[in-house]
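Notes follow the structure.
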Amino acid sequence: MNPMNYVILAAILFSIGAAAVLLRRNAIVAFMGVELMLNAANLALVAFSRIHGELDGQIMAFFVMVVAAAEVVVGLAIIIAVFRARQTISLDEPAELKG
Amino acid sequence: MSFTTPTIDWAAFAPIIIVLGAGAAGILVEAFVKTPATRRTVQLALSLAALVASLGVIIAQWAALDGAGTVVMSGMATVDRQALAWMAILLVFGLLSMLLFASRDGGGAFTELGATAPGSVEEKLARRAGLQLTEVYPLALFAVGGMMLFTCVTDLVFLFVALEVFSLPLYLLVALARRRRYLSHEAALKYFILGAFSSAIYLFGVALVYGATTVTDVNMIGTAIVNLADADPLLLAGAVMIIVGFMFKIGAVPFHSWVPDAYQGAPTAVTAFMGAATKAAATAALVRVMFVAFAPLEWELSWLVWAVAIASMVYGTVVALVQTDIKRMLAYSGVAHAGFILVAFAGLEGEALTALPFYLLAYGLATIGAFAVVSQVRERAEDGGVGAEAVRLGQWAGLGKRSPLLAGSMALFLLSFAGIPMTAGFIGKFEAFSAAIAGGAWPLVLIAVLASAVAAFFYVRLIVLMFFTDAPEGAEETIAIEDGALTRVVIYVTAAAVLVLGILPSGVLNLFADASVLLVSVGG
Amino acid sequence: MQSLIWLAIALPLASAAVLLCLGRRADAWGHWMGVAASGGAFLVGLGALIEMLGKPAEERALDTTLYTFIPGGDLHVDVGLLADPLSITFVLLITFVGTLIHVYSVAYMEHDKDRRRFFAYLNLFVAAMLLLVLADSYLLLFVGWEGVGVASYLLIGFWNYKPEYATAANKAFVVNRIGDIGLIIAMGIMFTTFGALDFATIGELAGNASTATLTAAGLALLLAACGKSAQFPLQSWLGDAMAGPTPVSALIHAATMVTAGVYLIVRSAPIFEGAPNAQVVVAIVGAITLTLGALIGMAKDDIKKALAASTMSQIGYMMLAAGLGPVGYAFAIFHLITHGFFKAGMFLGAGSVMHAMNDQVDMRRFGALKGAMVVTWVTFGLGWLAILGVPPFSGYWSKDKIIESAFVGEGWQPWVFGLTALIGAGLTAFYMSRLFFMTFHGKARWTDEVHPHESPALMTVPMIILAVGSAFLGLILATGDRFTTWLEPVTGHVEHHEPVLPVAVIVALTLILVALGAVGAWFKYGRAEVPQEAPSASLATITARNDFFQDSVNRAVFQRPGQHVTRTLVYADAAIVDGAVNKQARGWSSLGSASRKLQTGQVRSYAATMLVGLVIVIAVIVVGGL
Amino acid sequence: MVNEVLFWVVAIITVTGSLSLLFARKGAHIAMSIVTVMCGLAAAYVGLGAPFLGVVQIVVYTGAVMMLFLFVLMLVGVDQRESLKETIKGQRWIALVGAGGIALLLISVIGRVELTSSDQFTDGNPEEIAIELFSQYVLVMEVLGALLITAAVGALVLTHTPRLTPRRTQVELQAARILAGADPVNKPMPGVYARHNALDVPALDPEGNPIDHSVSRVLEARHQTQEGAEFRHQLADPDNPDHDAKPADAPPRDAHDRNPRQGEGESR
């Protein structure tokens, strides 16, 4: 079977992640959507790595995981800071900046 | 398989190593220096020293450079004159912003303790205990280092890492305002979610390009595209997603929506830094991607550049017209400027490579100066102390009478944004537009000229407000004008620079003209 | 001195910088330094003139490169100054009139606590104006162009106590920006066509370009000129700009800045040479403006606004002349010079009157001032005679030549332009006489607390000097075609053309119309009672005033139709042009208000914008590229 | 070649798991489904010849990242149910257009490309990856250090509160307790001070009075308590060898004038 199918799977996961960012009010869930998008990119990288017969794609996916972990730490820290201030993690609620 | 030690030209990387190393050293300072006041002094000295040293190294490298530049590591990073120019610009922005970060007027830009809830007892206790959030200095250094890296990296994945290296500190810095902390938190949350969203888009683009070309080195992508039989949809989609990632950072429509909110909510010192430096770094990276990696796709991608440029100029201008908050107005002006930057991308490579650094230098200096002025105009708190910044436009009425130098500098920055001659902004626009005209993009330039004419209106509205309108009765007492030494230094230095670059631009333009060749390394 | 002409710019600029930087410390002596700087610039210009007169005509132009402005690339621009007869003429006008106005301002602004700042702005303006006329490329000219713009807003808004002043500054800015777009577009066209922006190269290459290109460039230049020189349809800002101090109106809105448009057209002669259609449009714009300005002048009761309308009309004459091509260039500049003298003199006179009348500007509150202010009356009178074109005063020599050249040509043009210019002269005579008589003659209509008195010597001396100029300058320069010969190296030598009517007939007709206008005004405003309130056009009032036989004759014969036309035109001016500006501004803001709704504050909407944007872009590029 | 069965298993697991992002109401459920997605992806990596990456995926994502998510979810209240009712007008349609559009475009783009899998491919084992990492990608590795420092510092800056007040001593704590009107002593254990070591006997306060609430309400309800009275006289007995006991006629001490130092000395 052609590994290209995995790339198509990656595209689907990417879209679902994006949809989660658009649809979910809970900041943590939306953020999980972003993580899913990053994972989808990783899947595509690994699949292409297999297709091209070289390791570079895997290395990249490895880096992305590290970066994503760091990003998660910062993102959750921000979410906690917001929660402490407002007692909510809804993305809709803080909307004083607009216009 | 055996391990061979890679050859790395560390010397060429020295400016970045100095800055990132100083950032790491700053963290150690946090651990070992206990008194907040001393810690602040040490951190500031360390940061300034690192930035100046790095700038010195860059000047030395520039002088010593014989050809186009140095390949630090084949396929990963290239330090050519173009990169050195951008790094120098970023370091200047970093130096100026660091002074703003350190400024203590109005109690300083940053909260005493980020972990406290706004208005809580802990916040008051932290204030009483005289705490200071000195972590901002190393964070800013990491941001500057990441941006510098961003300008010289030639690998798409390395670019992704560099992007995050400078983005993460920025997300954090945005959340640390001392006043209006709810807004600051909101801005950080929005900036973060959207930033992560856009970097995911970028990354997926990288994956697609990697799939289409089997490489991620920008130089080799260029060669690989030429060798591809026909326009590969995979490649095109990937290229678009990558460019969209950069356009997000530049703040171009429709990827701009974080800009006004983040600019308004962030501490003003951070807004100044972010407004000037992020745009410059992203432009620098876009230069390499557009003119090296995707140069063969120029025709296909020109639609993207044109459409986004027009949308940014028009939308930024039109919405800035109706803003009532100064920081937001400047943010939308930044969106319009993103459009002007993209106009240069529609031009010839050689011209654009001279025009863009100059444009960003001019824009960045004026941005830092303008936000520095914003940080000086404060509301007076009920107890007579100095409160948050007075950002409503109406509060600026009559500023010209009370503080002519401050208002005069602001007027100069605004005129520079508007592109009035004798200011750096004019030369920047002129260079950018003539690059585009040389590339045959005159319809785009026509729209740009019209947009900048309309845009001039809201800049001038503020000037009129400052100089030609009197403050309403009794309003004068509610506004306090700060006189922070560090901030004033920044304001006057940037004002002088904007004037000098407007009247005698040839020196700097010559330097950038020397830098208008991208070193393309193929191999490895 | 010719190679040191940069000093003429540097002196006032340095003075402005010193005055602004020293702040209050320079309050005691700052104004005199301002005067000295402007005077020094005049001496530099004079030195250059003497040096040039010593050279043969074709070697008089000198282009000095100071430093490289924008290096390398496709477009290399130097900061270079071009001292040729045309620019030196302007330098002398600007610095001479400018210095006199500086002196006048020392007294006029004596009680203003910000007098030093005022002088800094005046110096800044002079420097920018000199840069505009001395620049050797369009880019540098543009620098000066915007410089005078910025300096003039600072000056218009100098008395920023009232909101409408700020509005005036704002409006001037908007309209001028429209003009600036024209200049930028013209530069863009020239850069793409010729690859250069300096006058010399463009002058050489202009012949090679296509007519269409040149026409486009010419029209864009005309748009720029219209903005700066308050020509139709961008004239509306000039009246409002009278909110500034009167010396400013004299300097900027009479003698110098508003003539920059004429300078631009004459300087761009090589472009218009290849674009006859653009040239005709210039002439048409001039003709329309000169009529419109005259009609507006009849309706204004505010002395400064009436003078502003007259300026507009006179610049219309210059534009008309410039639009006639080489025949008219020299006369356009000639009229510009004489007009600079007599109009500046009259503005200073108006300032003197206001000074005496507690800043009253309504002419219906003046009257019979000739007794109280003899010097002002005489000097203003000389200016009045000059603008009417009564021989042998200056205006006669310049305006008459323009009317004459307007009759030169073939087809419909000489008749339309010629007759417009001719009738314009009559209208000018009427409204200027109206102004003169309403102010200085008739019965005193001022209130009791006003005690008119002559102004101090510092104010009257500049007025006297300008009045002498208004009287004799034209004669001196016209004798033996001195001035046209002097300008020949720039404007080119033109063979004499015969007008479609004999010259004598034209002169006679002009003088008759002028006399008619003046006499009409005398009956209406000199001898008759002038109501203190503007007459309203309601039927009741008209019937009531019908008792006065003379009045009703006047009204029936001359005034009523005139008034209606005037009112309509003024209304149209306010409604259409201002309306367009306002409506446009409102349109932009409502567009902005609508667009800002997109920024909902909801981060999910932002993400949606980005994602949908991405989808559209990919769809267009990828699917479109397949 | 790549195993087809594995692909379909992975595809079904990941897609259904990730759909919980859109449709599940409880944060914890979503987090757990994403954990399954991550595991599914790990399996996919193994199937694609990247076993090392598969392991890293499980360690990093399911082991660290998703646990962090769960942790924060618990911090902010794990049993919050989110209403799925859309509050922004038209957002669903826009999301459908955006996400559906990007999915369609990407799938059509990917579907058009014919890339055949390379034959000479060996699984990426740790050794090879290490060599790559530290040769070609060594610079990236170094820079990642800066990234991780930033993340650590950032988390501290936004969440760590240092001690803002001096640490309170036990004495101060006790004084504060009493000022707040609490029992002067700790809530006594049943049988304390009692001569009778049983749950049915109330404790006695230092003055020897029985403390009623030290006996379970249940015993009281069943009337199975013992009166303290019979023990009290033992306390009153001067012959009582217990030196801790107070004489019954000792003046009652008010909580407020008790000298803490003295109290401390007594308790020792």
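Each residue in the stretch B:468-499 was checked for being more than 21 Å from the chain's Cα centre (by Cα) and at pLDDT 80 or above, and 8 pass. Any residue at all in the stretch B:360-376 that is of a type in the set (A, V, I, L, M, F, W, C) and not in a helix (DSSP H, G or I)? Within the stretch B:360-376 (the criterion being of a type in the set (A, V, I, L, M, F, W, C) and not in a helix (DSSP H, G or I)), the answer is no, since none of the residues qualifies.
Within the stretch C:34-63, the set of residues being outside any helix (DSSP H, G or I) and closer than 16 Å to C:LEU81 by Cα comprises C:ARG60, C:ALA61, C:LEU62, C:ASP63. The numbered conditions (1) over 10 Å from the mean Cα position of the chain (by Cα); (2) under 22 Å from D:ILE110 (Cα atoms) are all true for A:VAL34 except (1).
Please tell me if C:ASP114 is among the acidic types (Asp, Glu) and touching a strand residue (DSSP E or B) at 6+ places or on another chain (Cβ under 9 Å). When the stated conditions are applied, C:ASP114 does not pass them. Screening the stretch C:100-111 for residues that are β-branched (Val, Ile, Thr) and surrounded by fewer than 24 Cβ atoms within 10 Å (Cβ to Cβ) and picking the one that is farthest from C:GLY47 (Cα to Cα) gives C:VAL106. When B:VAL165, B:VAL92 are screened for being within 21 Å of B:ALA22 (Cα to Cα), under 17 Å from the mean Cα position of the chain (by Cα) and surrounded by fewer than 24 Cβ atoms within 10 Å (Cβ to Cβ), only B:VAL92 passes.
With respect to (1) touching a Pro at 6+ places or on another chain (Cβ under 9 Å); (2) surrounded by fewer than 24 Cβ atoms within 10 Å (Cβ to Cβ); (3) more than 7 Å from every other protein chain (Cβ to nearest Cβ); (4) part of a helix (DSSP H, G or I), the lone exception for B:GLN132 is condition (4). Of the residues that make up the stretch B:263-282, is at least one part of a helix (DSSP H, G or I), surrounded by fewer than 24 Cβ atoms within 10 Å (Cβ to Cβ) and within 14 Å of chain C (Cβ to nearest Cβ)? There is no residue in the stretch B:263-282 that is part of a helix (DSSP H, G or I), surrounded by fewer than 24 Cβ atoms within 10 Å (Cβ to Cβ) and within 14 Å of chain C (Cβ to nearest Cβ). For the condition assigned to a helix (DSSP H, G or I), more than 7 Å from chain D (Cβ to nearest Cβ) and of a type outside the set (S, T, N, Q), A:GLU93 does not qualify. Put simply, of B:SER74, B:SER103, B:SER97 the only residue that is within 14 Å of chain D (Cβ to nearest Cβ) and among the small types (Gly, Ala, Ser) is B:SER74.
With respect to the conditions (1) more than 7 Å from chain D (Cβ to nearest Cβ); (2) closer than 26 Å to D:GLU142 by Cβ; (3) buried (at least 24 other Cβ atoms within 10 Å of the Cβ), A:VAL82 lacks only one, and its number is (2). In the stretch B:498-505, is there at least one residue being within 29 Å of B:GLU379 (Cβ to Cβ) and more than 10 Å from every other protein chain (Cβ to nearest Cβ)? Looking through the stretch B:498-505, at least one residue is within 29 Å of B:GLU379 (Cβ to Cβ) and more than 10 Å from every other protein chain (Cβ to nearest Cβ). With respect to (1) more than 9 Å from every other protein chain (Cβ to nearest Cβ); (2) in contact with a His (Cβ under 7 Å, 6 or more places away or on another chain); (3) among the small types (Gly, Ala, Ser), the lone exception for B:ALA175 is condition (1). Before we move on, is C:THR311 in contact (Cβ under 8 Å) with a residue 60 or more places away in the chain and polar (S, T, N, Q)? So C:THR311 passes the test.
Take the conditions (1) part of a helix (DSSP H, G or I); (2) within 23 Å of the chain's Cα centre (by Cα); B:LEU444 misses just one of them, which is (2).
Can you spot a residue in the stretch B:303-314 that is within 13 Å of chain C (Cβ to nearest Cβ), within 25 Å of B:VAL218 (Cβ to Cβ), in a loop (DSSP other than H, G, I, E, B) and modelled with pLDDT under 95? So far as the stretch B:303-314 goes, no, none of its residues is within 13 Å of chain C (Cβ to nearest Cβ), within 25 Å of B:VAL218 (Cβ to Cβ), in a loop (DSSP other than H, G, I, E, B) and modelled with pLDDT under 95. Of all residues in the stretch C:190-244, exactly one satisfies the criterion of being farther than 30 Å from C:ALA306 by Cα and touching a His at 6+ places or on another chain (Cβ under 9 Å), namely C:ALA196.
Residue-by-condition table, conditions (1) part of a helix (DSSP H, G or I); (2) within 19 Å of C:THR338 (Cα to Cα):
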| site | (1), (2) |
| --- | --- |
| C:PRO391 | no, yes |
| C:GLY395 | yes, yes |
| C:SER398 | yes, yes |
| C:ILE402 | yes, yes |
| C:GLY409 | no, no |
| C:GLY418 | yes, no |
| C:THR428 | yes, yes |
| C:SER433 | yes, yes |
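For the stretch C:191-221: of the residues being among the β-branched types (Val, Ile, Thr) and under 18 Å from C:LEU81 (Cα atoms), which is farthest from the chain's Cα centre (by Cα)? Looking at the filtered set, the residue picked out is C:THR201.
The values are calculated or read from the model by the stated rules, or taken from the named source; none is laboratory data. From a predicted model like this one, the values you see are computed outputs, not experimental measurements. Counting neighbours? That spans all protein chains shown, and the Cβs are built from the backbone with ideal geometry, glycine included.
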